[in-house]
Structures are given as C-alpha cells and as structure tokens.
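Notes to accompany the following structure.
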Amino acid sequence: MFSFLERLINLVLPRIRDFSGLSTNGFDQDGNYNFGLKTQLVFPEISYESVDQQRGFNITLVTSAKTKMEGLSLLKNYGVPFKK
C-alpha cells in the first residue's frame, strides 16, 4: 500500500495535465478518501501501445482516521497534494 501511495504521489499525479491538487471533497464521514482518474495512462508502467482504449477508474484510500479532518491531516502528512 505504501509503495502504491508513494508512486501515486510522486509519479502519477504530477503526470496529470494541469494538475493543481486533489479536491478535499472526496472524504467520507469516516476519514476515507475517494477520487477518480480519467485514464490509466498516467501510470508509467503502462505503455501506450498496449492500451486498446483509455479507461478511467476510482481510487479509495482507506485510513484509520475517525473523521474527515483526521483523514485530511493524515493524508497531508503522507504528502498527498490537496488544493489550497
């Protein structure tokens, strides 16, 4: 999980065109965070030649937080880039 989160923060999100941070609206009442990506091609492991069509998908970061604010604080401390 930490490996995926590190790659997501340091490799994938910066590759998104016009990326200015993730919205803080994706938190549920238990401190878990949900967001979507429009294409799988932002992952460097996936080559353009192997993709027959672009597919979007949702990512859920399940945390040990109890509230939205605890979840936001936890993910910020891990380095998740949120909009200001």
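The values are calculated or read from the model by the stated rules, or taken from the named source; none is laboratory data. These numbers were taken from a predicted model, which means no experiment stands behind them. Ideal geometry is used to build each Cβ from the backbone, glycine not excepted, and the neighbour counts take in all protein chains shown. These accessible areas exclude ligands, DNA and RNA; they are computed on the full protein's heavy atoms, side chains included. Shrake-Rupley method; radii C 1.70, N 1.55, O 1.52, S 1.80 Å.
Details
- Restricting attention to region 16-28, the residues that are over 13 Å from Pro81 (Cα atoms) and open to solvent by 80 Å² or more (accessible area, probe 1.4 Å) total 3.
- Test result for Gly31, in contact with a Lys or Arg (Cβ under 7 Å, 6 or more places away or on another chain) and surrounded by 14 or more Cβ atoms within 10 Å (Cβ to Cβ): yes
- Hits in region 8-25 (condition: within 10 Å of the chain's Cα centre (by Cα) and not in a loop (DSSP other than H, G, I, E, B)): Leu8, Ile9, Val12, Leu13, Leu22
- Among the residues of region 46-74, those that are exposed (fewer than 10 other Cβ atoms within 10 Å of the Cβ) and among the charged types (D, E, K, R) comprise Glu49, Asp52.
- One residue from Leu72, Leu8 being of a type in the set (A, V, I, L, M, F, W, C) and touching a strand residue (DSSP E or B) at 6+ places or on another chain (Cβ under 7 Å): Leu72
- Qualifying position, being more than 17 Å from Arg17 (Cβ to Cβ) and assigned to a loop (DSSP other than H, G, I, E, B), among Ser73, Ser64: Ser64
- Taking residues in region 1-14 that are among the basic types (Lys, Arg), and partners anywhere that are modelled with pLDDT under 90, the pairs with Cβ atoms closer than 8 Å and at least 6 places apart or on different chains are Arg7/Phe43.
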